[in-house]
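Working notes for the structure below.
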Amino acid sequence: PEETVTSSFASFIHAARPEHLSQTVRQRSKRMILDSIGVGLVGSTTRVFDIALRYCRLYSSVAVSSVYGKPGVKLSPTLAAFTNGVATHSMDFDDTWHPATHPSGAVLPALLAASQMLPPSTKPNGLDFLLAFNVGLEVQGRLMHFSTEAHDIPKRFHPPSVVGTLGSAAATAKLLSLSSAQCCHALGIAASLAGAPMANAATQAKPLHVGNATRLGLEAALLAARGMEANPLILDDIPGCSGFSAFYSVYQPKPLSTPSEHHEFLLEKQDIAFKRFPAHLGMHWVVDAALSVRNLFINYAGSFSPSLIRTIVLKIPVSKYINRPFPSSEHQARHSFQFNACAALLDGEVGLGSFSESSIHRQELRELLDKVVVEHPEDNVANFDKMYGEVALLLHSGDVLTGKCDTFYGHWRKPLSKESLLKKFRANASHVLPEEKIEAIITLVDNLENLSDSSQL
């Protein structure tokens with residue numbers, strides 16, 4: 001039969017081999033795995049994670065898969081994937097790709113759960129695990145490149161709930177060694193389980209998007225393995241009958257070539273952004289701009305004195321769900337240009353403690369928020385590859401101080417150093433694990449290719 005876009009993706013998933021992973025791809029994906037585990041561990045201390053875990057424990061009958069930050073607690077594979085996915089996105093601390101999505105959190109929890117589910121005789125090794133992880137990334141990246149809409153900050157669907165669900169299905173299908181036909185059906189089933197609206201951003205429901213993506217992708221692969229079928233043209237553009245195109249207003253799918261000796265994964269060409277603090281990626285531009293102008297202010301005045309500031313002008317792209325003048329909860333604060341800029345100005349940093357109840361409702365912070373004016377320059381587009389953040393302080397003296405950031409530290413154009421990434425992981429993991437276990441995870445991930453049983457992870 002004639003090859004279709006969907007069948008080409010299924011063939012790719014089935015045919016991908018460890019030797020197709022370049023050294024660059026292996027190293028970048030191991031950085032992602034380590035960061036994602038750390039983010040999941042610190043995320044296991046949050047209220048939304050606790051709600052998700054208590055819910056899942058009501059229904060856990062086959063408890064074989066581990067839960068982040070809860071030694072001795074195990075759930076069924078799908079519920080463990082869900083709970084760990086929620087943990088990963090509970091603080092909006094997880095990695096971000098371009099076009100915009102959170103790729104690791106939608107894939108890694110499913111693979112961790114599935115690797116523990118499999119019987120001892122069929123446990124995948126570390127290289128198999130690494131390959132499955134990259135297959136899940138590749139499918140997400142390729143799907144996002146089918147639409148120009150996906151390149152901009154999203155307005156309708158939260159991307160990991162869309163492409164992440166299919167990425168999880170693809171990764172799990174690879175780990176389970178499904179046939180090409182089963183991989184095709186796994187993608188089709190996952191498409192029927194995908195999608196979440198952006199209106200739930202900045203609420204406790206947003207972490208469910210990543211939890212559901214990784215869980216439902218795993219379920220899609222398990223259903224396909226047991227014979228469930230779906231539309232074999234789900235990724236193709238069929239006039240008059242939407243498949244995956246339902247999620248995008250512009251959709252131009254292209255076949256994915258079967259990997260050859262010289263196959264180049266998208267991760268080779270497009271690195272990942274790692275966040276230095278737990279907030280929406282857009283916040284990292286305004287925070288770095290605010291820290292820059294804060295240093296200018298201190299050189300100017302000798303110390304940071306809010307009383308000298310008449311107006312704070314933020315020049316940011318148009319994006320309704322992250323333009324929040326007076327956030328009232330931690331999740332709203334993580335999605336507020338205004339809050340993050342003012343917190344950086346006031347404290348000289350933004351970190352985990354910045355989003356506590358007491359920090360959000362400080363009188364001095366509220367007074368700074370009152371001074372904020374937002375502008376949307378035409379050249380500042382809502383695109384994580386092209387946007388910038390600018391913070392200008394208009395002083396009562398008439399002087400104006402300005403800080404601008406077009407590439408924050410941690411962006412794919414300015415990657416975190418190995419030392420910075422390890423520092424972040426150790427800080428996150430230390431909330432729930434002792435030092436020796438933290439170092440053991442670092443060693444395990446660093447030598448993942450040589451691991452004989454990936455369920456050890």
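The values are calculated or read from the model by the stated rules, or taken from the named source; none is laboratory data. All values derive from a computational prediction rather than experimental measurement. Positions of Cβ are backbone-derived with ideal geometry, glycine not excepted, and every protein chain shown enters the neighbour counts. What goes into the accessible areas is simple: the full protein's heavy atoms, side chains included, and nothing from ligands, DNA or RNA. Shrake-Rupley method; radii C 1.70, N 1.55, O 1.52, S 1.80 Å.
Structure data summary
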| item | result |
| --- | --- |
| Volume per residue of the C-alpha convex hull in the stretch 276-355, rounded to whole Å³ | 95 |
| Rounded to 10°, Cα long-axis angle of helix 435-446 versus longest principal axis of the chain | 60 |
| Under-5 Å amide H pairs with Phe384, H placed in peptide plane, nonlocal only | Ile153 |
| Sorted largest first, extent of the stretch 1-130 alpha carbons per principal axis (Å) | 47, 34, 28 |
| Projected area, mean over directions - the stretch 281-405, Cα convex hull, nm² | 7.0 |
| Cβ crowding within 10 Å averaged over residues, with 110-121, 45-56, 445-456 ranked highest first | 110-121, 45-56, 445-456 |
| Contact order relative to length of the chain, as percent, for alpha carbon pairs under 8 angstrom and 6 or more apart | 21 |
| On Cα atoms only, tilt of 337-347 relative to the major axis of the chain in degrees | 60 |
| For the stretch 281-405: relative contact order, % (alpha-carbon pairs under 8 angstrom, 6 or more apart) | 42 |
| Most to least packed among 243-254, 220-231 [average Cβ atoms within 10 Å] | 220-231, 243-254 |
| Solvent-accessible area, 1.4 Å probe, carbon plus sulfur percent, for the stretch 281-405 | 48 |
| Per residue accessible area in Å² of the chain, where ligands, DNA and RNA are left out and the probe is 1.4 Å | 39 |
| Rg/Rh (Cα only; Kirkwood hydrodynamic radius) as it applies to the stretch 161-218 | 1.06 |
| Residue-averaged [θ]222 nm for the chain, counting only DSSP H segments that reach four residues, each worth -39500 (n - 2.57) | -14500 deg cm²/dmol |
| Share, in percent, of DSSP beta bridges within the chain that are antiparallel, nearest 5 | 80 |
| Alpha-carbon Rg/Rh ratio, for the stretch 72-157, with Rh computed the Kirkwood way | 1.03 |
| For the chain, alpha-carbon Rg over 2.2 N^0.38 Å | 0.98 |
| Degrees, to the nearest 10: 159-175 long Cα axis against longest axis of the chain | 40 |
| Segments 358-366, 259-267 sorted - mean Cβ within 10 Å per residue, highest first | 259-267, 358-366 |
